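Encoded as structure tokens, the structure appears first; notes follow it.
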Amino acid sequence: MTPKVMRQLWSIVENTQTVTLLQMDDASLVQCLVKEMNRQVTLDGKDRDFLNDYVSSRLNLIRDMAQERLFS
């Protein structure tokens, strides 16, 4: 996964509505973010698998960021 793609993922997280990030269950949120990423950048199977694992491992951070946006 290139740094450009990683920045794009975090941009998607920043642009996703806070309510969506906080209310979706883990599997749905991972699927939503990966699907949006795949719309913007065509991902091969290996990159999609990596992205699934990466997003899954960062769910707490993503939700903490969303929570912070909610209160600022």
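What's the local net charge at Ser56, with K and R +1, D and E -1, over the other residues with C-beta under 13 Å away?
Details: positive: Arg48, Arg58, Arg63; negative: Asp25, Asp26, Asp49, Asp53.
Summing Lys and Arg as +1 and Asp and Glu as -1 gives -1.
Dividing the convex hull volume of the alpha carbon atoms of the chain by its residue count, what do you get in Å³ per residue? Could you put the intermediate results ahead of the total?
Details: hull volume 5.7 nm³, N = 72.
Residue-normalised Cα hull volume stands at 80 Å³.
Tell me, what is the percent relative contact order of the chain, built from C-alpha pairs under 8 Å that lie six or more residues apart? Don't skip to the answer; put the middle values down first.
Details: 33 pairs, mean separation 31.9, N = 72.
44 percent.
Based on alpha-carbon positions alone, could you give the equivalent ellipsoid semi-axes of segment 24-66 from the gyration tensor, as √(5λ), descending, whole Å? If you can, show how the numbers build up before the last one.
Working: eigenvalues 68, 22, 15 Å².
Gyration-tensor ellipsoid for segment 24-66: 18, 11, 9 Å.
Between Asn60 and Gln17, what is the label-to-label distance in nm when each label sits 7 Å out along the Cα-to-Cβ direction?
So the two model labels end up 2.8 nm from each other.
May I ask for the net charge around Arg7, where only other residues with Cβ less than 15 Å from the Cβ of Arg7 are counted and Lys, Arg are +1 while Asp, Glu are -1? Don't skip to the answer; put the middle values down first.
Working: positive: Lys4, Arg58; negative: Glu14, Glu36, Asp47.
That sum, taken over residues with Cβ under 15 Å, equals -1.
Above 16 angstrom, tally the Cα pairs of segment 1-42 and express them as a % of all pairs, no decimals. List each step's numbers first, then the result.
Numbers: 281 of 861 pairs.
Of all Cα-Cα distances in segment 1-42, 33 percent exceed 16 Å.
For the pair Gln40/Arg7, report the inter-label distance in nm, with labels modelled 7 Å from Cα in the Cβ direction.
1.1 nm
Measure nothing fancy, just the Cα-based angle from helix 26-40's long axis to the longest principal axis of the chain, in degrees from 0 to 90, nearest 10.
It is inclined by approximately 60 degrees.
Each reported figure results from applying straightforward, stated rules to the coordinates on display, with no laboratory input. In this text the structure is predicted, and so the values were computed from the model without any measurement. As a convention, Cβ positions derive from the backbone with ideal geometry for all residues, glycine included, and neighbour counts pool all protein chains shown.
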